[in-house]
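The next block holds one structure in the form of structure tokens; read it before the comments.
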Amino acid sequence: MKDKQQLLNTTLAGVIAVSAAMMATSANAVPDNPKQWEKCAGIAKQGMNDCGALDGKHGCAGQAKIDNADSEWVYVPQGTCTKITGGVIAAVKPAK
């Protein structure tokens, strides 16, 4: 009986620990389908920008010449841009 109770207690403790960990990570997770997107400038890596440069030097995605250029941007879920080092919000738009 003592072994069964110990097994039950250990199993229950494991379930509680996993549940707590899942709640902690999901509270800070980026939403899968955000209602709004931010055009976040200053964080795009070379060749990884989402569209034309803010300064008009080019009009297409994937043409960033250097990492973290002020005029290059990527879309991120609203509320995340300023949490990224160097991120500056250039615009906000509704998600599709």
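Readers should treat all values here as calculations from the given coordinates under stated rules, not as data from a laboratory. What you are looking at is a predicted structure, and each value in this text was computed from that prediction instead of being measured.
Each eigenvalue of the Cα gyration tensor of the stretch 36-94, multiplied by 5 and square-rooted, gives one semi-axis; in descending order these are 17, 12, 8 Å. Scanning residues 5 or more positions from Cys51 or on other chains, those with amide H under 5 Å from its amide H are Gly62, Trp73, with H placed 1.01 Å from N in the peptide plane.
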